[in-house]
Structures are given as structure tokens and as C-alpha cells.
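What follows is a set of notes on a single structure, which appears directly below.
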Amino acid sequence: MKFAAPFAGQVVCVAGAGGYIGSTLVKALALAGLKSLVLIDTSEYGLFEITRWLQAEHPTVPCESVLGSVDDAPLLDDVFDRLHPDIVFHAAAFKHVGLVESNPFAGIRNNALATYTFAKTAARHRVPKFLLISTDKAVNPRSVMGVSKRIAELFTLSFTASNVIRLANVIGSTGSVIPLFLEQIEKGLPLSVTHPDASRYFLSKDEAVTSVLAAGLAACEGMVLLPEFRGPVRVADLARFLIGARALPIHFTGLKPGEKLTEDWIGDNESKLNLIHGPLTVVETNALSPAEAGRTFHRLSTCVAERDSAGLLEALCAIVPEYVPSQLMQRCMVSA
């Protein structure tokens with residue numbers, strides 16, 4: 001795959017290696033003549049499957065599979081001490097808006113706090129490059145998932161040798177809208193669309209992974225990188241295209257808590273700089289100093305550890321002022 005070859009001879013670490021993007025990234029990198037691969041995932045099954053694939057398809061690629069979480073600093077110390085990765089791709093995250101909206105403590109812990117631990121440990125071990133794979137939902141967030149990923153961006157960029165790439169919806173990824181539509185079509189059910197005007201940006205799997213690889217080569221740091229993307233697609237039009245000649249209706253369910261009509265790529269306080277590799281658009285964004293990041297991590301960690309609902313909501317709004325909590329989030333967190 002394009003942009004994989006320059007990683008030849010490197011030790012590459014992929015966190016979330018068993019997930020949809022992570023596993024596709026691993027498969028692309030396996031062709032590059034790496035020195036070795038380091039795979040990290042909390043999913044035993046996902047890690048087993050991608051390890052088994054590597055052993056079958058690329059048995060000559062040295063690989064270490066690490067079953068564990070990127071919020072486990074002693075585990076990361078051991079990995080970095082022994083294996084010395086040249087680059088880390090951080091693809092481990094909770095991504096389902098609805099589930100994270102109703103489980104905000106888990107979302108903040110897994111997406112934001114774990115990213116701080118991972119990025120800080122990588123910086124302490126002087127890992128040359130660290131790339132966070134983020135989402136367009138981090139821009140002007142309306143969901144806990146979105147705000148957790150925006151905080152993950154801020155944490156990542158507070159350390160040197162780090163960048164962020166924002167992806168849109170990846171076609172075919174687990175739990176995404178197209179597999180859901182295809183399942184409903186197969187069963188002869190109405191297709192569920194939230195709103196007639198709802199639209200989303202889409203990337204193919206190859207486009208997403210090519211962009212991630214290009215971002216791993218980008219000669220800059222402390223920046224948000226954006227892939228080349230087309231205009232947004234109305235979800236109802238996508239549903240009609242997939243239905244084709246079948247006599248299946250579309251059922252509009254209404255926006256769920258945390259969902260937006262459309263997503264953004266660049267925040268109001270961000271600015272485009274130039275194009276590089278791919279091309280990727282380089283975006284300058286707000287950054288936290290290491291000290292500010294440490295205080296923010298401590299504040300959020302305390303709220304999560306104490307299950308302080310009101311405190312967490314207040315902290316999220318203070319850290320990401322453009323975040324607008326859903327009514328569900330406001331009710332649940334204030335009344336808890």
C-alpha cells in the first residue's frame with residue numbers, strides 16, 4: 001500500500017491492533033519489510049485474530065502481541081524498554097456514540113485518560129513519533145465520545161514528536177451505518193435513518209489507512225492532519241442507493257443523544273496551514289502545555305475515580321469550551 005514502504009526496517013507499535021482500522025493498518029505495514037511489529041489490544045479475540053493472520057500470511061515478520069491496555073504505565077514501560085518502537089500508531093478507542101453517551105466515565109477513562117498515559121510514557125521513553133487516530137466528531141463535539149477524543153487530541157499534542165489525524169466514518173467498519181443498512185435489507189426491514197437532513201463524511205478503508213500511513217511520515221509535530229475528503233453524503237440518500245429497486249421504506253428515528261446533523265473537520269479556533277503527503281491538510285490547533293495537561297489529567301481522573309458526575313460535566317465544559325452536552329448527558333450527570 002502507498003506510504004507503507006518508508007517504514008521498512010522500523011519497529012512499529014500499533015495500539016488497538018485488533019480493531020477495524022488497527023488490523024487494516026497492521027496488514028498494510030506487514031508488507032513494508034519492518035524490523036518488527038508490536039501489537040497492543042485489550043480484546044483477546046481481536047489480538048488473537050490479527051496475530052494469527054500475521055503468522056499465516058507473513059511468518060517472517062517478527063511480532064510481539066501484548067494483551068493489555070494503554071493506560072497500564074508499567075506494561076508500557078516494559079514494552080518500550082524492551083522493544084524500542086520507532087513510531088506508535090494509537091488506534092485504541094471506544095467509538096460508538098450511543099454507548100459512550102450512556103457510559104461517560106468509561107468513555108473518558110478509555111479515550112482521554114488512557115491516551116494521556118500512553119502519550120506521556122512514549123514521550124518519556126523518547127519514542128520518535130506518536131500518532132493519535134482521532135475523529136471528526138472531536139470537532140465542536142456534541143457527544144461524550146466526541147469530547148473524549150478532543151481531550152485525547154489535546155493530551156497528545158502536549159507532548160513532543162506527536163501528531164493527530166482525524167478520520168471520518170470508515171465504510172464497512174464494525175457498528176457503522178452501512179453494515180447496519182445491509183443487515184436490515186437482508187432481513188427485509190425498514191432502514192433506520194436518524195433525520196432526513198443528516199449527513200456524514202465517509203472514507204474507504206484504503207483511503208483511511210493510506211492517510212494514517214501518510215500522517216506517520218509527516219515532517220511536522222504538534223499538528224492535526226486531515227485526509228483528502230469529498231463532501232458530506234446525506235445518510236437518507238445512501239440508504240436509498242443501497243435499497244435500489246427493493247420495496248423497503250426508510251424509517252426516520254430522530255437524532256439520538258450526542259448525534260449531530262452533520263460533522264465538522266476544522267474548529268472555529270483552528271486554521272489550515274498547508275498540504276503535505278498525500279495530500280494531507282495541516283491544521284494548527286490549540287495546545288496544552290505539559291503542566292496544563294497534567295493538571296487536566298488529574299482533574300478528570302479524580303472525577304472518574306469518585307464517580308463525580310457533576311464535577312465531570314463541569315470539567316469537560318471547561319476543558320473543551322465548544323462542547324455542548326446532550327440533554328441526556330446534562331440530566332444524568334447533574335441529577336446523579
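The values are calculated or read from the model by the stated rules, or taken from the named source; none is laboratory data. Predicted model, so just to flag it, every value in this text is computed and none were measured. Positions of Cβ are backbone-derived with ideal geometry, glycine not excepted, and every protein chain shown enters the neighbour counts.
Counting only helices (runs of 4 or more DSSP H) that fall entirely inside region 82-175 and contain at least 3 residues that are more than 27 Å from Val233 (Cβ to Cβ), the qualifying elements are 104-107, 114-124, 144-157. Where residues in region 98-137 are among the polar types (S, T, N, Q) and surrounded by fewer than 18 Cβ atoms within 10 Å (Cβ to Cβ), which of them is nearest to Leu255 (Cα to Cα)? Restricting to residues being among the polar types (S, T, N, Q) and surrounded by fewer than 18 Cβ atoms within 10 Å (Cβ to Cβ), the top hit is Ser102. The listed residues are Ser326, Ser335, Ser301, and the only one of them that is surrounded by 15 or more Cβ atoms within 10 Å (Cβ to Cβ), modelled with pLDDT under 95 and of a type in the set (S, T, N, Q) turns out to be Ser326. Only one residue in Leu217, Leu225, Leu213 is closer than 19 Å to Lys137 by Cβ and either buried (at least 18 other Cβ atoms within 10 Å of the Cβ) or under 20 Å from the mean Cα position of the chain (by Cα) (or both). Which one? Going through Leu217, Leu225, Leu213 in turn, the sole match is Leu225. For the criterion of being under 26 Å from Leu157 (Cβ atoms) and surrounded by 21 or more Cβ atoms within 10 Å (Cβ to Cβ), Val38 passes. Against the list (1) on the phi > 0 side of the Ramachandran plot; (2) without any contact (Cβ under 8 Å) to a residue 40 or more places away in the chain; (3) under 21 Å from the mean Cα position of the chain (by Cα), the condition Gly244 fails is (3).
Check whether at least one residue in region 118-135 is in contact with a Lys or Arg (Cβ under 9 Å, 6 or more places away or on another chain) and farther than 30 Å from His84 by Cα, and report yes or no. No, that holds for no residue. Residues of region 17-49 that are assigned to a helix (DSSP H, G or I) and over 20 Å from Lys95 (Cα atoms): Lys27, Ala28, Leu29, Phe48, Glu49.
Okay, residues lined up against (1) among the aromatic types (Phe, Trp, Tyr); (2) over 26 Å from Lys272 (Cβ atoms):
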site: Ser158; (1), (2): no, no
site: Ile178; (1), (2): no, yes
site: Val193; (1), (2): no, yes
site: Tyr201; (1), (2): yes, no
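Exactly one residue out of Phe105, Phe89, Phe130, Phe80 is closer than 27 Å to Glu306 by Cβ, touching a residue at least 12 places away in the same chain (Cβ under 8 Å) and not small (Gly, Ala, Ser): that is Phe105.
For residues in region 197-210 being in a loop (DSSP other than H, G, I, E, B) and touching a residue at least 60 places away in the same chain (Cβ under 8 Å), which is nearest to the chain's Cα centre (by Cα)?
Here the residue is Tyr201.
Condition check: in contact (Cβ under 8 Å) with a residue 24 or more places away in the chain, surrounded by fewer than 21 Cβ atoms within 10 Å (Cβ to Cβ) and among the polar types (S, T, N, Q). Does Ser65 satisfy that? Judged against the criteria, Ser65 is a match.
The listed residues are Thr160, Thr156, and the only one of them that is surrounded by fewer than 21 Cβ atoms within 10 Å (Cβ to Cβ) and closer than 19 Å to Thr296 by Cβ turns out to be Thr160.
Can you tell me which residue among Leu273, Leu288 is closer than 30 Å to Ala215 by Cα, among the aliphatic types (A, V, I, L, M) and at pLDDT below 90?
Going through Leu273, Leu288 in turn, the sole match is Leu273.
Contact annotation: residue pairs with Cβ atoms under 8 Å, 6 or more positions apart or on different chains, pairing a residue in region 183-196 that is at positive phi with a partner that is surrounded by 12 or more Cβ atoms within 10 Å (Cβ to Cβ), are Gly188/Leu248.
When only residues in region 287-328 that are in a helix (DSSP H, G or I) and among the hydroxyl-bearing types (Ser, Thr, Tyr) count, which is nearest to Lys260 (Cα to Cα)? Filtering region 287-328 for residues that are in a helix (DSSP H, G or I) and among the hydroxyl-bearing types (Ser, Thr, Tyr), the one nearest to Lys260 (Cα to Cα) comes out as Ser309. The requirement of being of a type outside the set (Lys, Arg), within 24 Å of Glu153 (Cβ to Cβ) and part of a helix (DSSP H, G or I) is fulfilled somewhere in region 217-229, by at least one residue. When Leu47 is tested against (1) farther than 21 Å from Val212 by Cα; (2) touching a Gly at 6+ places or on another chain (Cβ under 7 Å); (3) not polar (S, T, N, Q), only condition (1) is not met.
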